[in-house]
Amino acid sequence: MTDPLRPLLYGYMRLDLIEGDVEICDERLEQFATVNGFELAAIFHETAADGPASSR
């Protein structure tokens, strides 16, 4: 038997607004997705208010 497909979740973070380690924030998003039945598709990190976003 196969597992049902889970809905995708996308994360978005502005790095200039985060205090602390970005990797910890990424892990928290992954935990949130798992606990709430989502599949974490990607986390986008914006480096500055006018800069381009990057994807993990």
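Scanning region 24-48 for residues that are open to solvent by less than 80 Å² (accessible area, probe 1.4 Å) and of a type in the set (D, E, K, R) returns 26, 30, 39, 46.
The residue pairs whose first member lies in region 15-43 and is within 20 Å of residue 4 (Cβ to Cβ), whose second member is among the aromatic types (Phe, Trp, Tyr), and whose beta carbons are closer than 6 Å, counting only pairs six or more residues apart or on different chains, are 41/10.
Counting the residues of region 1-22 that are of a type in the set (A, V, I, L, M, F, W, C) and within 21 Å of residue 47 (Cα to Cα) gives 6.
State whether one or more residues within region 13-33 are in a strand (DSSP E or B) and at pLDDT below 95. Yes, there is a match, as at least one residue in region 13-33 is in a strand (DSSP E or B) and at pLDDT below 95.
The values are calculated or read from the model by the stated rules, or taken from the named source; none is laboratory data. Computed from a predicted structure; not experimentally measured. For neighbour counting, all protein chains shown are included, and Cβ atoms are generated from backbone atoms with ideal geometry for every residue, glycine included. Side chains included, ligands, DNA and RNA excluded: accessible areas come from the protein's heavy atoms. Shrake-Rupley method; radii C 1.70, N 1.55, O 1.52, S 1.80 Å.
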